[in-house]
Amino acid sequence: APEWPAAHFALAETLEAVGRAEDARCHFVAYLKFADSDEMGAEIRLALLGAAPVPLVLPEAYVRALFDQYASKFDESLLAGLDYRVPYRLRDAVERIRPSKGAGERILDLGCGTGLAGEAFRARASWLEGVDLSPGMAAEAERKTIYDNLRVAEATADLAGRADTYDLIVAADVLVYIGDLMPIFKTAAQALHPDGLFAFSVQRTDGADYRLGAECRYSHRESYLRRVASEAGLETLEIADAVLRTEKGADVPGLIGVCRRPPALLSILEPSEPAALRLPAY
């Protein structure tokens, strides 16, 4: 079956494991030739072999397939197996900056998965929305009945149509699947009300702006986060070191960040005076 994509991918993995990188490259390329979409992540593997540029984001088909397969066991795996606490660390960071006054905010849980961040932030929300690329994950979140609205969509594209909509956008363990953060930071800034907050987590690197790791996730540099936020029109309020989870017995270092869309500028004109009639004082 020379045109069977999965066979080429499996052979490529085997060849890579025994040190035959060039032969592995050929079969990852063959997989991409015959596959309808890159659900298995050959583009990522080629980048890790140095045989292709590092993608700006992970392929949508790969991320969707990964989490559709993972959905039914996601909560147990993360909470029990990996000691995952990112949603609660994000909640604590937001609380430090803006203590909750009860359920009064419009909140978007970006890349909501099965709803772990939604559970952490529900008490702040008068309206809570979730969006995820994976239908399987969104179906698991639906069972928890904590969201006022759930939809299946790609995060940046979804944000692009929602200007001035939210008081808080939460991205828990989402940006690790995106290398170039400028598009999502820009659309998040536009989707926030003035004075709205964008809270996020990333894996940390001290090298390049962002790096694709062997675990097929990106890590980001703190200075890059601050620069991207500024260029997107956001103020960085806090970026702090945090352990995101444990993996293979080791802590995974990360960063918890909170940015703000600046408040709207107050008019210096008296509201009762028509601007055209006012003269400067000398």
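The values are calculated or read from the model by the stated rules, or taken from the named source; none is laboratory data. These numbers were taken from a predicted model, which means no experiment stands behind them. In this analysis, Cβ positions are derived from the backbone assuming ideal geometry, glycine residues included, and neighbour counts consider all displayed protein chains. Each accessible area value is taken on the protein alone, full model and side chains, heavy atoms only, with ligands, DNA and RNA left out. Shrake-Rupley method; radii C 1.70, N 1.55, O 1.52, S 1.80 Å.
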Which lysines have a Cα lying under 24 Å from the Cα of Lys248, excluding residues fewer than 8 positions away in the same chain? Lys73
Carbon plus sulfur fraction of accessible area for region 164-205, probe 1.4 Å, in percent: 47 percent
Region 25-87 accessible area per residue, 1.4 Å probe, protein heavy atoms, integer Å², reads 52 Å²
Net charge around Arg45, counting only other residues with Cβ within less than 11 Å of its Cβ (Lys, Arg = +1; Asp, Glu = -1)? -3
Before I look further, what does region 129-173 give for accessible area per residue, probe 1.4 Å, in whole square angstrom? 39 Å²
With the Cα gyration tensor of the chain in hand, convert its eigenvalues to equivalent ellipsoid semi-axes via √(5λ) and list them largest first in whole Å. 39, 22, 18
In degrees rounded to 10, the 0-90 angle between helix 21-34 Cα long axis and the longest Cα principal axis of the chain is 70 degrees
Can you send over the solvent-accessible area of His193, 1.4 Å probe, protein chains only, in Å² to the nearest 10? 60 Å²
Across all directions of projection, what mean area in square nanometres is found for the Cα convex hull of region 1-72? 5.2 nm²
Kirkwood-based shape ratio for region 13-117, expressed as Rg/Rh from alpha carbons: 1.13
Neighbour count of at most 11 Cβ within 10 Å plus DSSP loop: longest trypsin sites (Lys or Arg not before Pro)-free window in the chain: 102-247
Expected output is a single nm value to one decimal: the length gained when fully extending between Lys101 and Ala153, i.e. 0.36 nm times separation in residues minus the C-alpha distance. What is it? 15.7 nm
Tally Lys and Arg at +1 and Asp and Glu at -1 over the other residues with C-beta under 11 Å from the C-beta of Ser201: what net charge comes out? +3
Considering only protein heavy atoms and a 1.4 Å probe, what is the carbon-and-sulfur percentage of the accessible area of region 73-128? 50 percent
Contact order normalised by length for the chain, with contacts defined as Cα pairs under 8 Å and 6 or more residues apart; what percent is it? 14 percent
Enter the angle in degrees (range 0 to 90, nearest 10) between the Cα long axis of helix 60-70 and the first principal axis of the Cα atoms of the chain, meaning the one along which they spread out most. 80 degrees
Please say if region 60-172 is rounded, prolate or oblate, where rounded means a/c under 1.5 for a ≥ b ≥ c the square roots of the C-alpha gyration tensor eigenvalues, and otherwise the choice is prolate for a/b larger than b/c and oblate otherwise? oblate
Nearest 10 degrees, 0 to 90: helix 222-231 Cα axis against the chain principal axis: 50 degrees
If Lys and Arg each add +1 and Asp and Glu each add -1, what is the summed charge of the other residues whose beta carbon sits under 12 Å from the beta carbon of Arg260? -2
Loop-exposed GluC sites (Glu not before Pro) per DSSP, neighbour cap 13 Cβ within 10 angstrom, longest uninterrupted part of the chain: 4-214
